[in-house]
Amino acid sequence: MSVSACGRGRGRRCRRWAGRTPRAARRSRPGGGCARGLVTPVLRAVGDKPIGAVSAEVRGLVRQADEGSLSQRDLEGGSITVTNLGMYGVDEFAAVINPPHSMILAVGAVRPTPVVRESEVVAASVLALVVSVDHRAVDGALAAQWLDALVDAVTHPYRLLV
């Protein structure tokens with residue numbers, strides 16, 4: 001999954017705020033709570049890495065956050081924050097954008113839910129994703145395209161491996 005996929009090769013990028021000016025950015029932040037409070041280290045060039053490398057990098061940043069050994073560079077330059085309260089049983093929530101970022105993705109809990117497939121009601125694992133966007137920096141239609149690409153990646157995870 002590439003959280004840096006805004007614009008998807010169309011020359012449009014997500015922006016983050018630098019003072020009063022939006023700046024192009026292609027980075028994301030996986031928010032993480034630790035004994036020292038919430039920290040949001042930045043993952044860089046996510047779209048250029050295999051999913052295993054991204055996962056290893058996240059684990060390393062979580063370890064560094066727990067140890068208090070993140071550098072200032074580890075915390076600067078993000079454009080999108082990902083926050084997860086699903087691990088605490090929260091189904092859905094609206095997250096507040098962390099300046100200077102322009103977007104935040106709220107991830108809820110996965111729940112078994114009845115859905116209709118081919119005229120039959122079946123149980124499916126359903127996950128709520130809520131994106132909050134600063135429309136001064138990111139067009140809402142672009143954010144919708146990004147969320148659509150994310151849903152497609154989550155729905156078809158095997159595509160991430162090819």
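The values are calculated or read from the model by the stated rules, or taken from the named source; none is laboratory data. The structure presented is a predicted model; accordingly, all values stated were derived computationally and were not measured. Note that each Cβ is placed from the backbone with ideal geometry, even for glycine, and that neighbours are counted across all protein chains shown.
When residue 90 is tested against (1) without any contact (Cβ under 8 Å) to a residue 40 or more places away in the chain; (2) β-branched (Val, Ile, Thr); (3) assigned to a loop (DSSP other than H, G, I, E, B); (4) farther than 19 Å from residue 38 by Cβ, just one condition goes unmet, and that condition is (4).
Only a single criterion out of (1) more than 21 Å from residue 81 (Cβ to Cβ); (2) in a strand (DSSP E or B) is not satisfied by residue 158, namely (2).
Is it the case, given these coordinates, that residue 111 is in a helix (DSSP H, G or I) and more than 17 Å from the chain's Cα centre (by Cα)? Steps first, please.
Numbers: in a helix (DSSP H, G or I): no; more than 17 Å from the chain's Cα centre (by Cα): yes.
It is false that residue 111 is in a helix (DSSP H, G or I) and more than 17 Å from the chain's Cα centre (by Cα).
Considered as a group, the residues in the stretch 37-85 that are closer than 26 Å to residue 132 by Cβ and of a type in the set (Ser, Thr, Tyr) include one that is surrounded by the fewest Cβ atoms within 10 Å (Cβ to Cβ), and that residue is 55.
With the structure loaded, tell me whether residue 72 is in contact with a Pro (Cβ under 8 Å, 6 or more places away or on another chain), farther than 26 Å from residue 156 by Cβ and either modelled with pLDDT under 90 or not hydrophobic (A, V, I, L, M, F, W, C) (or both) or whether it fails that test.
Details: in contact with a Pro (Cβ under 8 Å, 6 or more places away or on another chain): no; farther than 26 Å from residue 156 by Cβ: yes; either modelled with pLDDT under 90 or not hydrophobic (A, V, I, L, M, F, W, C) (or both): yes.
Answer is no for this residue.
Checking the structure you have, find out if any residue of the stretch 135-153 is charged (D, E, K, R), closer than 23 Å to residue 45 by Cβ and in a helix (DSSP H, G or I).
Applying the first criterion (charged (D, E, K, R)) to the stretch 135-153 yields 136, 139, 148, 152.
Narrowing further to those that are closer than 23 Å to residue 45 by Cβ: 148, 152.
Subsequent filtering for residues that are in a helix (DSSP H, G or I) retains 148, 152.
Yes, because at least one residue in the stretch 135-153 is charged (D, E, K, R), closer than 23 Å to residue 45 by Cβ and in a helix (DSSP H, G or I).
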